[in-house]
Amino acid sequence: MQDLETRLRIWLSSAPQHTHAIQTIELSHSAMSKVWRLWREPYAGEITTEDGVVEVLPVNLDITLAGSEGNLDQKFDVAIDTVEINDLFRRELDRIPVGTTERLRAVYREYLSDDLTESQTTAVLQGESVSYRLGEATISAVSPRLNVTRTGETYTTRDVPMLRAYL
């Protein structure tokens, strides 16, 4: 078996017909009764994550990957068709208190279809907004904002003369 870098190089350069990218999303919150792992494939399956081999449920979903906007807010949009899992998923969303400050945790992973033991991409996200309407749940997820508080200190060329070369 080839390493992931070699397999990705072959896949990206030749686009073999027998291999395709599989997107998965993992949704969890401390108030939910279980971790939801979903993918767009028409069958239930198993993938390998940091927690070991886990089951993934089939559901019609659309994951819009983060773009390269000028404001650096890399936002993923996940639309989940809840027709098949309507009652279960709605009850899970209802378990999350409205006034909670804890964010929904969303982990995006992408695998190659010929090897579900190693993800080629992993993004740990937090839910920014969750909306639900009949038949669809929409989740906007972003990278955790770790640098929200600022120091308040302004750097000037008078205080730091070496900045002059970068201006």
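The values are calculated or read from the model by the stated rules, or taken from the named source; none is laboratory data. These numbers come from a predicted model, not from an experiment. Here Cβ is always computed from backbone atoms with ideal geometry, including for glycine, and neighbour counts include all displayed protein chains.
Just for strands (runs of 3 or more DSSP E) wholly inside the range 74-146: which have at least 2 residues that are touching a Pro at 6+ places or on another chain (Cβ under 7 Å)?
Values: elements: 75-81, 105-112, 121-133, 136-142.
Strands (runs of 3 or more DSSP E) meeting the threshold: none at all.
Hey, among R37, R7, which residue is charged (D, E, K, R) and closer than 21 Å to R91 by Cα? Reasoning before the result, please.
Working: R7 fails: closer than 21 Å to R91 by Cα.
Answer to the check: R37.
Which one is modelled with the highest pLDDT among residues in the range 1-29 that are in contact with an Asp or Glu (Cβ under 6 Å, 6 or more places away or on another chain) and under 30 Å from D81 (Cα atoms)? Can you show your working first?
Residues of the range 1-29 in contact with an Asp or Glu (Cβ under 6 Å, 6 or more places away or on another chain): 4, 19, 21, 23.
In the following step, the residues that additionally are under 30 Å from D81 (Cα atoms) were identified as 19, 21, 23.
Details: T19: 81, A21: 87, Q23: 93.
Among those that are in contact with an Asp or Glu (Cβ under 6 Å, 6 or more places away or on another chain) and under 30 Å from D81 (Cα atoms), it is Q23.
(1) surrounded by 14 or more Cβ atoms within 10 Å (Cβ to Cβ); (2) in contact with a Lys or Arg (Cβ under 8 Å, 6 or more places away or on another chain); (3) more than 24 Å from L4 (Cα to Cα); (4) at pLDDT 85 or above: which one isn't true of E92, the others all being true?
(4)
List every residue pair whose Cβ atoms sit under 6 Å apart, with the two residues 6 or more apart in sequence or on different chains, where the first one lies in the range 88-110 and is within 22 Å of D62 (Cα to Cα) and the second, anywhere, is modelled with pLDDT under 85 and in a loop (DSSP other than H, G, I, E, B).
Between residues of the range 88-110 that are within 22 Å of D62 (Cα to Cα) and residues that are modelled with pLDDT under 85 and in a loop (DSSP other than H, G, I, E, B), the close pairs are F89/T82.
Within the range 22-58, which residues are under 13 Å from T117 (Cα atoms), touching a residue at least 40 places away in the same chain (Cβ under 8 Å) and more than 15 Å from the chain's Cα centre (by Cα)?
G45, E46, I47, T48
If S30 satisfies all but one of (1) assigned to a strand (DSSP E or B); (2) under 23 Å from L88 (Cβ atoms); (3) polar (S, T, N, Q), what's the number of the condition it fails?
(1)
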